[in-house]
Amino acid sequence: MRILLTGAAGFLGSHLCDRLLREGHQVVGMDNFITGSPDNLAHLAGHPNFSFIRHDVSNFIFVGGKVDAVMHFASPASPNAASPYGYVNLPIQTMKAGALGTHNTLGLARANQARFLLASTSEIYGDPLEHPQKETYWGHVDPIGQRSVYDEAKRFAEALTMAYHRFHGIDTCIVRIFNTYGPRMRLDDGRAVPNFLKQALNHEPLTVYGDGSQTRSFCYVDDLIDGIYRLLISDIHLPVNIGNPVETSVLELAHTINRLTGNPADLIFKPDLRGESDPQRRQPDIERARTLLNWEPKVSLEDGLHRTVTYFKQRLGLA
Ligand code: NAD
Ligand code: UDP
(Lines give C-alpha, C1' and ligand atoms only; values in the text may rest on other atoms or scores of the structure.)
(Ligands and ions follow the chains in the order given, each with its own letter.)
Protein backbone atom coordinates (compact mmCIF):
# COMPACT_ATOMS: atom_id res chain seq x y z
CA MET A 1 0.00 0.00 0.00
CA ARG A 2 0.95 3.66 -0.36
CA ILE A 3 0.04 5.21 2.98
CA LEU A 4 -0.29 8.84 4.06
CA LEU A 5 0.59 9.10 7.76
CA THR A 6 -0.03 12.43 9.49
CA GLY A 7 1.88 13.14 12.70
CA ALA A 8 4.76 11.09 11.25
CA ALA A 9 7.47 13.02 13.15
CA GLY A 10 5.86 12.36 16.52
CA PHE A 11 6.44 9.60 19.02
CA LEU A 12 3.86 7.11 17.72
CA GLY A 13 4.00 8.31 14.11
CA SER A 14 7.73 7.65 13.77
CA HIS A 15 7.37 4.11 15.17
CA LEU A 16 4.47 3.51 12.79
CA CYS A 17 6.62 4.67 9.85
CA ASP A 18 9.21 2.05 10.81
CA ARG A 19 6.64 -0.73 11.06
CA LEU A 20 4.86 0.17 7.80
CA LEU A 21 8.17 0.31 5.92
CA ARG A 22 9.22 -3.04 7.43
CA GLU A 23 5.96 -4.52 6.14
CA GLY A 24 6.95 -3.37 2.63
CA HIS A 25 4.55 -0.41 2.27
CA GLN A 26 5.33 3.03 0.88
CA VAL A 27 4.92 5.82 3.42
CA VAL A 28 4.26 9.49 2.81
CA GLY A 29 4.86 11.16 6.18
CA MET A 30 3.26 14.52 6.96
CA ASP A 31 3.95 16.79 9.94
CA ASN A 32 4.35 20.45 10.88
CA PHE A 33 6.66 19.68 13.86
CA ILE A 34 4.46 21.50 16.37
CA THR A 35 5.13 18.81 19.00
CA GLY A 36 7.20 16.33 16.96
CA SER A 37 10.77 16.50 15.71
CA PRO A 38 12.65 15.76 12.47
CA ASP A 39 15.12 13.80 14.67
CA ASN A 40 12.51 11.04 14.96
CA LEU A 41 12.66 10.50 11.19
CA ALA A 42 16.35 11.20 10.56
CA HIS A 43 17.13 7.48 10.23
CA LEU A 44 14.69 7.25 7.29
CA ALA A 45 16.44 9.88 5.15
CA GLY A 46 17.06 8.36 1.72
CA HIS A 47 14.81 5.34 2.34
CA PRO A 48 13.42 4.44 -1.12
CA ASN A 49 9.87 3.90 0.18
CA PHE A 50 9.69 6.96 2.42
CA SER A 51 8.87 10.54 1.54
CA PHE A 52 7.91 13.50 3.68
CA ILE A 53 5.71 16.58 3.29
CA ARG A 54 5.96 19.40 5.82
CA HIS A 55 2.37 20.59 6.16
CA ASP A 56 -0.27 21.61 8.69
CA VAL A 57 -3.19 19.16 8.35
CA SER A 58 -5.64 21.91 9.32
CA ASN A 59 -5.18 23.23 5.78
CA PHE A 60 -6.26 21.48 2.57
CA ILE A 61 -4.07 18.44 1.95
CA PHE A 62 -2.68 17.64 -1.47
CA VAL A 63 -0.83 14.40 -2.10
CA GLY A 64 0.02 13.57 -5.71
CA GLY A 65 -0.55 10.00 -6.94
CA LYS A 66 -2.75 7.21 -5.61
CA VAL A 67 -3.07 6.73 -1.86
CA ASP A 68 -4.34 3.37 -0.56
CA ALA A 69 -4.60 4.23 3.14
CA VAL A 70 -4.68 7.36 5.28
CA MET A 71 -3.68 7.26 8.95
CA HIS A 72 -4.47 10.43 10.91
CA PHE A 73 -2.16 10.78 13.95
CA ALA A 74 -1.42 14.51 13.86
CA SER A 75 -2.41 16.17 17.14
CA PRO A 76 -0.73 17.46 20.27
CA ALA A 77 -1.17 14.70 22.84
CA SER A 78 0.24 15.72 26.24
CA PRO A 79 -2.20 17.10 28.83
CA ASN A 80 0.52 18.71 30.96
CA ALA A 81 -0.01 22.47 31.27
CA ALA A 82 3.55 22.82 32.60
CA SER A 83 4.96 21.73 29.21
CA PRO A 84 5.05 24.04 26.17
CA TYR A 85 3.97 20.97 24.18
CA GLY A 86 0.88 20.34 26.33
CA TYR A 87 -2.38 20.75 24.44
CA VAL A 88 -3.65 23.12 27.11
CA ASN A 89 -1.04 25.52 25.77
CA LEU A 90 -1.94 24.73 22.13
CA PRO A 91 -5.73 24.74 22.47
CA ILE A 92 -6.78 26.10 19.08
CA GLN A 93 -4.17 24.06 17.18
CA THR A 94 -5.40 20.94 19.00
CA MET A 95 -9.02 21.55 18.10
CA LYS A 96 -8.08 22.32 14.49
CA ALA A 97 -5.93 19.17 14.12
CA GLY A 98 -8.79 17.03 15.47
CA ALA A 99 -11.60 18.77 13.59
CA LEU A 100 -10.23 20.34 10.38
CA GLY A 101 -7.36 17.84 10.15
CA THR A 102 -9.78 14.93 10.37
CA HIS A 103 -12.03 16.55 7.76
CA ASN A 104 -9.11 17.07 5.36
CA THR A 105 -7.68 13.57 5.82
CA LEU A 106 -11.13 12.00 5.40
CA GLY A 107 -11.59 14.07 2.24
CA LEU A 108 -8.31 12.69 0.89
CA ALA A 109 -9.37 9.14 1.80
CA ARG A 110 -12.67 9.68 0.01
CA ALA A 111 -11.02 11.06 -3.14
CA ASN A 112 -8.77 7.96 -3.21
CA GLN A 113 -11.34 5.43 -1.94
CA ALA A 114 -8.65 4.62 0.64
CA ARG A 115 -8.82 2.84 4.00
CA PHE A 116 -8.88 5.47 6.78
CA LEU A 117 -7.59 4.98 10.32
CA LEU A 118 -8.22 7.58 13.01
CA ALA A 119 -5.95 7.79 16.06
CA SER A 120 -8.47 8.40 18.83
CA THR A 121 -7.88 8.16 22.54
CA SER A 122 -9.03 6.81 25.88
CA GLU A 123 -9.70 10.48 26.69
CA ILE A 124 -12.99 10.22 24.80
CA TYR A 125 -14.17 8.30 27.90
CA GLY A 126 -13.31 11.37 30.03
CA ASP A 127 -13.19 10.71 33.80
CA PRO A 128 -14.91 7.35 33.39
CA LEU A 129 -17.77 6.09 35.54
CA GLU A 130 -17.45 2.60 34.02
CA HIS A 131 -14.37 0.53 34.80
CA PRO A 132 -12.58 -0.95 32.91
CA GLN A 133 -13.63 0.98 29.81
CA LYS A 134 -15.32 -0.98 27.03
CA GLU A 135 -15.82 0.49 23.56
CA THR A 136 -19.57 0.56 24.23
CA TYR A 137 -19.13 3.09 27.07
CA TRP A 138 -20.15 6.62 25.99
CA GLY A 139 -17.92 8.48 28.39
CA HIS A 140 -18.10 11.18 31.06
CA VAL A 141 -16.56 14.29 29.56
CA ASP A 142 -16.64 17.92 30.67
CA PRO A 143 -17.25 19.86 27.42
CA ILE A 144 -15.59 23.04 28.74
CA GLY A 145 -12.93 21.61 31.08
CA GLN A 146 -9.14 21.97 30.71
CA ARG A 147 -8.91 18.79 28.64
CA SER A 148 -11.98 19.53 26.51
CA VAL A 149 -9.94 20.95 23.62
CA TYR A 150 -8.45 17.50 23.15
CA ASP A 151 -11.30 15.26 24.28
CA GLU A 152 -14.02 17.01 22.31
CA ALA A 153 -11.84 17.34 19.19
CA LYS A 154 -11.29 13.57 19.28
CA ARG A 155 -14.99 12.92 19.91
CA PHE A 156 -15.84 15.16 16.94
CA ALA A 157 -13.20 13.30 14.89
CA GLU A 158 -14.80 9.94 15.74
CA ALA A 159 -18.27 11.25 14.82
CA LEU A 160 -16.97 12.67 11.52
CA THR A 161 -15.20 9.40 10.73
CA MET A 162 -18.44 7.46 11.27
CA ALA A 163 -20.33 10.02 9.14
CA TYR A 164 -17.91 9.43 6.25
CA HIS A 165 -18.28 5.71 6.74
CA ARG A 166 -22.09 5.70 6.91
CA PHE A 167 -22.84 8.47 4.41
CA HIS A 168 -19.97 8.15 1.90
CA GLY A 169 -19.24 4.44 2.38
CA ILE A 170 -15.56 5.10 3.24
CA ASP A 171 -13.65 2.13 4.67
CA THR A 172 -12.84 3.66 8.07
CA CYS A 173 -11.62 2.45 11.45
CA ILE A 174 -10.91 4.05 14.81
CA VAL A 175 -8.26 3.08 17.35
CA ARG A 176 -8.78 4.30 20.91
CA ILE A 177 -5.24 4.48 22.23
CA PHE A 178 -4.59 4.19 25.98
CA ASN A 179 -1.44 5.63 27.64
CA THR A 180 1.57 4.51 25.62
CA TYR A 181 5.24 5.20 26.31
CA GLY A 182 8.64 4.37 24.85
CA PRO A 183 11.68 5.72 23.03
CA ARG A 184 11.25 8.96 21.03
CA MET A 185 8.90 10.63 23.50
CA ARG A 186 10.07 14.21 23.96
CA LEU A 187 12.06 14.76 27.14
CA ASP A 188 9.94 17.84 27.82
CA ASP A 189 6.68 16.33 26.57
CA GLY A 190 5.21 16.57 30.09
CA ARG A 191 3.51 13.17 30.19
CA ALA A 192 4.13 11.00 33.24
CA VAL A 193 6.71 8.55 31.85
CA PRO A 194 9.04 11.07 30.14
CA ASN A 195 8.67 13.55 33.00
CA PHE A 196 9.53 10.95 35.63
CA LEU A 197 12.39 9.47 33.59
CA LYS A 198 13.97 12.84 32.94
CA GLN A 199 13.67 13.77 36.62
CA ALA A 200 14.99 10.39 37.80
CA LEU A 201 18.00 10.41 35.47
CA ASN A 202 18.82 13.94 36.62
CA HIS A 203 18.57 12.73 40.25
CA GLU A 204 15.65 15.06 40.96
CA PRO A 205 12.52 14.18 42.95
CA LEU A 206 9.63 12.94 40.80
CA THR A 207 6.66 15.33 40.66
CA VAL A 208 3.57 13.30 41.62
CA TYR A 209 0.29 15.18 41.11
CA GLY A 210 -2.09 14.69 44.02
CA ASP A 211 -1.42 11.65 46.22
CA GLY A 212 -0.59 9.48 43.19
CA SER A 213 -3.48 7.07 43.79
CA GLN A 214 -4.96 7.87 40.35
CA THR A 215 -4.37 5.00 37.93
CA ARG A 216 -3.34 4.51 34.32
CA SER A 217 -2.54 1.43 32.24
CA PHE A 218 0.76 1.89 30.44
CA CYS A 219 1.41 0.15 27.12
CA TYR A 220 4.84 -0.21 25.54
CA VAL A 221 5.00 1.35 22.08
CA ASP A 222 5.88 -1.85 20.14
CA ASP A 223 2.76 -3.59 21.48
CA LEU A 224 0.56 -0.64 20.55
CA ILE A 225 1.98 -0.36 17.02
CA ASP A 226 1.34 -4.07 16.46
CA GLY A 227 -2.31 -3.65 17.46
CA ILE A 228 -2.71 -0.63 15.20
CA TYR A 229 -1.16 -2.44 12.26
CA ARG A 230 -3.52 -5.38 12.74
CA LEU A 231 -6.46 -2.97 12.80
CA LEU A 232 -5.28 -1.21 9.63
CA ILE A 233 -5.22 -4.43 7.60
CA SER A 234 -8.51 -5.72 9.06
CA ASP A 235 -12.00 -4.95 7.77
CA ILE A 236 -13.23 -3.61 11.12
CA HIS A 237 -15.15 -0.31 11.26
CA LEU A 238 -16.04 -0.17 14.96
CA PRO A 239 -13.73 1.58 17.44
CA VAL A 240 -11.16 -0.71 19.07
CA ASN A 241 -9.35 -0.05 22.37
CA ILE A 242 -5.63 -0.74 22.17
CA GLY A 243 -3.67 -0.53 25.40
CA ASN A 244 -2.23 -2.57 28.21
CA PRO A 245 -4.88 -3.72 30.70
CA VAL A 246 -2.47 -3.86 33.66
CA GLU A 247 -3.60 -0.98 35.87
CA THR A 248 -0.93 0.91 37.86
CA SER A 249 -1.18 3.86 40.21
CA VAL A 250 0.94 6.90 39.44
CA LEU A 251 2.65 6.36 42.78
CA GLU A 252 3.63 2.79 41.80
CA LEU A 253 4.92 4.06 38.46
CA ALA A 254 7.04 6.70 40.21
CA HIS A 255 8.52 4.18 42.68
CA THR A 256 9.28 1.70 39.87
CA ILE A 257 11.09 4.38 37.88
CA ASN A 258 13.12 5.50 40.90
CA ARG A 259 14.09 1.88 41.57
CA LEU A 260 15.05 1.12 37.93
CA THR A 261 17.17 4.26 37.62
CA GLY A 262 18.64 4.18 41.14
CA ASN A 263 17.37 7.72 41.77
CA PRO A 264 18.44 8.82 45.26
CA ALA A 265 15.94 11.71 45.27
CA ASP A 266 12.47 10.62 46.32
CA LEU A 267 9.12 12.10 45.30
CA ILE A 268 7.58 15.52 45.61
CA PHE A 269 3.81 15.93 45.75
CA LYS A 270 2.23 18.69 43.65
CA PRO A 271 -1.35 20.01 43.65
CA ASP A 272 -4.09 17.48 42.96
CA LEU A 273 -5.66 18.02 39.54
CA ARG A 274 -8.39 15.43 39.98
CA GLY A 275 -11.92 16.73 39.76
CA GLU A 276 -10.55 19.61 37.71
CA SER A 277 -9.02 17.69 34.86
CA ASP A 278 -7.16 14.54 35.90
CA PRO A 279 -9.14 11.31 35.36
CA GLN A 280 -9.18 9.14 38.49
CA ARG A 281 -8.88 5.71 36.88
CA ARG A 282 -8.17 4.38 33.44
CA GLN A 283 -7.95 0.80 32.22
CA PRO A 284 -8.88 -0.58 28.82
CA ASP A 285 -11.13 -3.56 28.30
CA ILE A 286 -9.31 -5.18 25.35
CA GLU A 287 -11.70 -8.06 24.68
CA ARG A 288 -12.62 -6.63 21.27
CA ALA A 289 -8.96 -6.41 20.19
CA ARG A 290 -8.31 -9.91 21.55
CA THR A 291 -11.26 -11.42 19.67
CA LEU A 292 -11.23 -9.47 16.41
CA LEU A 293 -7.49 -8.80 15.99
CA ASN A 294 -6.04 -11.69 17.96
CA TRP A 295 -3.93 -9.06 19.72
CA GLU A 296 -2.75 -8.54 23.24
CA PRO A 297 0.27 -6.77 24.71
CA LYS A 298 3.41 -8.76 25.49
CA VAL A 299 5.86 -6.30 27.07
CA SER A 300 5.71 -5.83 30.86
CA LEU A 301 5.93 -2.35 32.38
CA GLU A 302 9.33 -3.13 33.84
CA ASP A 303 10.77 -4.37 30.51
CA GLY A 304 9.29 -1.46 28.60
CA LEU A 305 10.68 1.04 31.09
CA HIS A 306 14.14 -0.56 30.82
CA ARG A 307 14.13 -0.04 27.06
CA THR A 308 12.89 3.52 27.48
CA VAL A 309 15.53 4.34 30.10
CA THR A 310 18.23 3.34 27.60
CA TYR A 311 16.85 5.86 25.07
CA PHE A 312 16.50 8.66 27.62
CA LYS A 313 20.05 8.09 28.86
CA GLN A 314 21.31 8.55 25.30
CA ARG A 315 19.25 11.73 24.88
CA LEU A 316 20.59 13.15 28.11
CA GLY A 317 24.17 12.24 27.19
CA LEU A 318 24.42 9.76 30.08
CA ALA A 319 25.14 6.64 28.01
P1 NAD B 1 3.35 13.49 19.49
O2 NAD B 1 3.11 14.88 19.96
O3 NAD B 1 4.68 12.88 19.70
O4 NAD B 1 3.00 13.35 17.96
C5 NAD B 1 2.01 14.12 17.31
C6 NAD B 1 2.59 14.61 15.98
O7 NAD B 1 1.57 15.34 15.26
C8 NAD B 1 3.77 15.57 16.17
O9 NAD B 1 4.85 15.18 15.36
C10 NAD B 1 3.21 16.92 15.75
O11 NAD B 1 4.18 17.79 15.26
C12 NAD B 1 2.16 16.51 14.71
N13 NAD B 1 1.10 17.51 14.51
C14 NAD B 1 0.30 18.06 15.45
N15 NAD B 1 -0.55 18.94 14.88
C16 NAD B 1 -0.27 18.93 13.55
C17 NAD B 1 -0.82 19.60 12.41
N18 NAD B 1 -1.80 20.49 12.55
N19 NAD B 1 -0.32 19.31 11.20
C20 NAD B 1 0.67 18.41 11.03
N21 NAD B 1 1.24 17.74 12.07
C22 NAD B 1 0.77 18.00 13.31
O23 NAD B 1 2.22 12.60 20.21
P24 NAD B 1 1.95 11.02 20.11
O25 NAD B 1 1.93 10.50 21.49
O26 NAD B 1 2.83 10.39 19.11
O27 NAD B 1 0.45 11.01 19.60
C28 NAD B 1 0.11 10.70 18.25
C29 NAD B 1 -1.39 10.52 18.11
O30 NAD B 1 -1.83 9.45 18.97
C31 NAD B 1 -2.20 11.75 18.51
O32 NAD B 1 -3.29 11.88 17.63
C33 NAD B 1 -2.69 11.40 19.91
O34 NAD B 1 -3.90 12.03 20.19
C35 NAD B 1 -2.86 9.89 19.82
N36 NAD B 1 -2.75 9.26 21.15
C37 NAD B 1 -1.53 9.05 21.75
C38 NAD B 1 -1.49 8.46 23.00
C39 NAD B 1 -0.20 8.14 23.70
O40 NAD B 1 -0.23 7.62 24.82
N41 NAD B 1 0.96 8.35 23.13
C42 NAD B 1 -2.68 8.12 23.67
C43 NAD B 1 -3.89 8.40 23.03
C44 NAD B 1 -3.92 8.94 21.77
N1 UDP C 1 1.48 12.85 36.40
C2 UDP C 1 2.20 13.12 37.55
N3 UDP C 1 3.37 13.82 37.45
C4 UDP C 1 3.88 14.25 36.25
C5 UDP C 1 3.14 13.97 35.06
C6 UDP C 1 1.95 13.29 35.17
O7 UDP C 1 1.78 12.74 38.66
O8 UDP C 1 4.97 14.86 36.28
C9 UDP C 1 0.21 12.11 36.49
C10 UDP C 1 -0.98 12.83 35.89
O11 UDP C 1 -1.57 13.71 36.84
C12 UDP C 1 -1.88 11.67 35.52
C13 UDP C 1 -0.90 10.54 35.19
O14 UDP C 1 0.34 10.92 35.75
O15 UDP C 1 -2.66 11.28 36.63
C16 UDP C 1 -0.72 10.31 33.70
O17 UDP C 1 -0.46 11.54 33.11
P18 UDP C 1 -0.05 11.72 31.57
O19 UDP C 1 0.26 13.17 31.39
O20 UDP C 1 1.00 10.76 31.22
O21 UDP C 1 -1.34 11.34 30.70
P22 UDP C 1 -2.92 11.29 30.93
O23 UDP C 1 -3.21 9.87 31.13
O24 UDP C 1 -3.30 12.10 32.13
O25 UDP C 1 -3.50 11.82 29.67
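Values computed for the structure shown
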quantity	calculated
Helix 11-22 axis, angle to the chain major axis (alpha carbon atoms, nearest 10°)	50
Rounded to the nearest 20 debye, dipole of region 181-265 from Cβ charges on Lys, Arg, Asp, Glu	180
Approximate spin-label separation N59-L316, in nm, with each point projected 7 Å along Cα-to-Cβ	3.9
Interchain or long-range residues, amide H under 5 Å from M71's placed H	L4, L5, T6, L117
Other-chain or far-sequence residues with amide H under 5 Å of N244's (modelled H)	C219
Surface per residue (accessible, 1.4 Å probe) for the chain, Å²	42
For I53, distant residues with modelled amide H under 5 Å away	G29, M30, D31
Around P183: net Lys/Arg minus Asp/Glu count, Cβ-Cβ under 12 Å	+2
Calculated diffusion of region 116-168, Stokes-Einstein form, Kirkwood radius summed over Cα pairs, 25 °C and 0.890 mPa s, µm²/s	209
Estimated FRET transfer efficiency (H47, D142; beta-carbon r; R0 30 Å; 0.05)	0.10
Only Lys, Arg (+1) and Asp, Glu (-1) charged, at Cβ; region 234-319 dipole about Cα centre in debye	300
222 nm mean residue ellipticity, helices alone, for the chain (DSSP H n ≥ 4; -39,500 (n - 2.57); rounded to 500)	-11000 deg cm²/dmol
Accessible-area composition of the chain, carbon plus sulfur, in percent [1.4 Å probe]	53
Distribution of pairwise C-alpha distances over region 189-307, 10 Å bins, in %	13, 39, 30, 16, 3, 0
Largest-first principal axis extents of the Cα set of the chain (Å)	56, 45, 38
All aspartates and glutamates inside 16 Å of K154 as judged from Cα atoms, apart from same-chain residues fewer than 8 positions distant	E123, D127, E135, D142
0 to 90° range, to nearest 10: angle between helix 148-168 axis and the chain longest Cα axis	30
Estimated dipole of the chain in Debye, rounded to 20 [Cβ of Lys and Arg +1, of Asp and Glu -1, Cα centre]	720
Given charges at Cβ of Lys, Arg, Asp, Glu: the chain dipole, positive-most of N195, G210, Y229	Y229
Cross-link partners of K66 among aspartates and glutamates (Cα-Cα below 20 Å; sequence separation of 8 or more within a chain)	E23, D31, D171
Distance between region 197-240 and region 112-137 - C-alpha centres, whole angstrom	14
The chain: angle of helix 250-261 to the longest principal axis, Cα-based, in degrees nearest 10	80
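The values are calculated or read from the model by the stated rules, or taken from the named source; none is laboratory data. None of these values were measured; they are calculated from a predicted model. Here the Cβ is made from the backbone with ideal geometry for all residues, glycine too, and neighbour counts use every protein chain on show. Remember, those area values only see protein heavy atoms, side chains included, never the ligands or the DNA or RNA. Shrake-Rupley method; radii C 1.70, N 1.55, O 1.52, S 1.80 Å.
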